[in-house]
Amino acid sequence: MNQLVKSFKDKVGLTGADVMPMGMPMGMPAMGAAPAAAAAPAAAAAEEEAAPEKEFFDLKLLGFDDKSKIKVIKEVRAISGLGLKEAKELVEGAPKVVKKDLAKADAEELIEKLKAVGAEVALE
């Protein structure tokens, strides 16, 4: 078990100071842990390395044409499986994520559908 934890830490890039000991409250820093500000650059660097090989995307509704609001709500409903009220709230609360963890081909297909009804969308 210890070998598994060690290999996971190596793969993810964690050090002993990054891991919170058991029994510590969530808001309390671990003894000898580096401040969160020092850990942020390392996390940002790891995120930049992972960005080029991204396989799954989030479909985000940025806005819509006021004339086509009903069409956008219907399309969001069809895509997300939400009820009418939830789809309306999502559309009116834009920018919001409509669907998460989509393959690039599926996401592009949904983008075309939403753009056809007057929505402004983006992949994240």
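Figures for the structure shown
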item: About the Cα centre, charge dipole magnitude for the stretch 54-124 (Lys/Arg +1, Asp/Glu -1 at Cβ), debye; result: 260 debye
item: Too-long pairs where the Cα-Cα distance tops 28 Å, listed order kept, from K67/K113; K6/K100; K9/K104; K54/K96; result: K6/K100; K9/K104
item: Within-13-Å neighbourhood charge of L123 [Cβ basis; K, R +1; D, E -1]; result: -3
item: Chain lengthening between L62 and E109 when straightened (0.36 nm per residue, less Cα-Cα); result: 15.2 nm
item: Local electrostatic count, F56, Cβ distance below 10 Å [Lys/Arg +1, Asp/Glu -1]; result: -1
item: Percentage of interatomic Cα-Cα distances in the stretch 73-124 larger than 15 Å; result: 41 percent
item: DSSP-loop trypsin sites (Lys or Arg not before Pro) across the stretch 54-99, with at most 12 other Cβ within 10 angstrom; result: K54
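Taken together, the values in this text are just the output of simple stated rules run on the coordinates, not laboratory data. Worth saying up front: this structure is predicted, and the values here are computed from it rather than measured. With ideal geometry, Cβ positions are generated from the backbone for all residues, glycine too; neighbour counts draw on all protein chains shown.
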